[in-house]
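A.B. asks: The structure under discussion is supplied below as C-alpha cells; questions concerning it will follow.
The values are calculated or read from the model by the stated rules, or taken from the named source; none is laboratory data. Everything numeric here is computed off the predicted structure, so don't read it as measured data. Reconstructed Cβ throughout: ideal geometry from the backbone, glycine too, with neighbour counts over all protein chains shown.
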Ligand SMILES: [Zn+2]
C-alpha cells in the first residue's frame, strides 16, 4: 500500500469506525485504558491481534516483535522493549491474562534454521534478536530432524510458544502473580490460512483447538 492509499484508508476509517466507536473513543480518553489482557504476538503483517480476537480499542495491551519472543528477564538487558511492555502490563495496568501467540508460516522461526552472515551489518539486530529462538530451534531439530522442512518449521513454531511461555515466568511480577493465582497465562498458535487457533495445554502437554478451553470451563 502506498502512503496515499493509507491516507485514503484512514479517511474511510474516520467515516466508518469514527462514527461507530466515537463514544468508546471518548470513554477511553476520559476514563483511561484498562485492558484486561496482554497480548504478545509476532510483527508479521498477517497476525492482527484485534482482528483474530474480535476485540475493540482498549481491550488488548499489545507487544509485537519478530518471532513473538520474550527475552528472559535480565536487569541489565539492552533489548528492553518487550520486557518493558510486560512489566507495564503487570505492574501498572494490572492485566488479568497474558496470551502469547505464535503462528504458522513464521518467518522468524524459519530464519532460525538459516545462517545470517556475521559481517552483514544491515542484519545486525535481527541476528542478535533471533537468539531468543535458539532453544525452540534445537528442540525442533532434535524431535523431527532437518529433512522435512515443513514439519521442522511447524515444530519450531510450536516449541517457540512453549519456550516463550517459560521465559515469561522469569519475570518477577509474572512469577509471583501466577503463583498467587492473580494472572492467567496461555500460549496460542494461530493458523494463517484458516484463522483457527490452537492453545497449549500444559497438563496434556499438547496443542488443542481453542474451543476446548470453553468445553473444559463448562465441565469445570
Ligand atoms: Zn512470525
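A.B. asks: If you check residue 169 against the conditions, is it at pLDDT 95 or above, over 25 Å from residue 50 (Cβ atoms) and in contact with a strand residue (DSSP E or B) (Cβ under 9 Å, 6 or more places away or on another chain)? Outline the logic, then answer.
C.D. replies: On the way: at pLDDT 95 or above: yes; over 25 Å from residue 50 (Cβ atoms): yes; in contact with a strand residue (DSSP E or B) (Cβ under 9 Å, 6 or more places away or on another chain): yes.
So residue 169 fits the description; yes.
A.B. asks: Can you tell me which residues in the stretch 117-149 are surrounded by 15 or more Cβ atoms within 10 Å (Cβ to Cβ), within 23 Å of residue 74 (Cβ to Cβ) and within 16 Å of the ligand (Cβ to nearest atom)?
C.D. replies: Correct list: 129, 130, 132, 133, 136, 137.
A.B. asks: Regarding residue 77, is this residue at pLDDT below 95 and either more than 16 Å from the ligand (Cβ to nearest atom) or touching a helix residue (DSSP H, G or I) at 6+ places or on another chain (Cβ under 6 Å) (or both)? Spell out how you get there, then give the answer.
C.D. replies: On the way: at pLDDT below 95: yes; either more than 16 Å from the ligand (Cβ to nearest atom) or touching a helix residue (DSSP H, G or I) at 6+ places or on another chain (Cβ under 6 Å) (or both): yes.
It is true that residue 77 is at pLDDT below 95 and either more than 16 Å from the ligand (Cβ to nearest atom) or touching a helix residue (DSSP H, G or I) at 6+ places or on another chain (Cβ under 6 Å) (or both).
A.B. asks: Could you grab the pairs with beta carbons closer than 8 Å, sequence gap of 6+ or different chains, first residue in the stretch 79-104 and within 18 Å of residue 132 (Cβ to Cβ) and without any contact (Cβ under 8 Å) to a residue 40 or more places away in the chain, second one part of a strand (DSSP E or B) and within 16 Å of the ligand (Cβ to nearest atom)?
C.D. replies: Close Cβ pairs satisfying both conditions: 81/63; 81/65.
A.B. asks: Out of the residues in the stretch 80-100 meeting the condition of being out of contact with any helix residue (DSSP H, G or I) (no Cβ under 7 Å at 6 or more places or on another chain) and within 16 Å of the ligand (Cβ to nearest atom), tell me which one is farthest from residue 172 (Cα to Cα).
C.D. replies: Selected residue: 99.
A.B. asks: Here is a follow-up. Which of the residues that make up the stretch 150-172 are in a helix (DSSP H, G or I), more than 16 Å from residue 103 (Cα to Cα) and either within 16 Å of the ligand (Cβ to nearest atom) or touching a residue at least 40 places away in the same chain (Cβ under 8 Å) (or both)? Lay out the reasoning, then the answer.
C.D. replies: Going residue by residue through the stretch 150-172, those that are in a helix (DSSP H, G or I) are 150-168, 172.
Keeping just the survivors that are more than 16 Å from residue 103 (Cα to Cα) gives 166-168, 172.
Matches in the stretch 150-172: 167, 168, 172.
A.B. asks: Which ones in the stretch 36-71 are more than 13 Å from the ligand (Cβ to nearest atom), assigned to a loop (DSSP other than H, G, I, E, B) and either under 10 Å from the mean Cα position of the chain (by Cα) or surrounded by 20 or more Cβ atoms within 10 Å (Cβ to Cβ) (or both)?
C.D. replies: Matches in the stretch 36-71: 70, 71.
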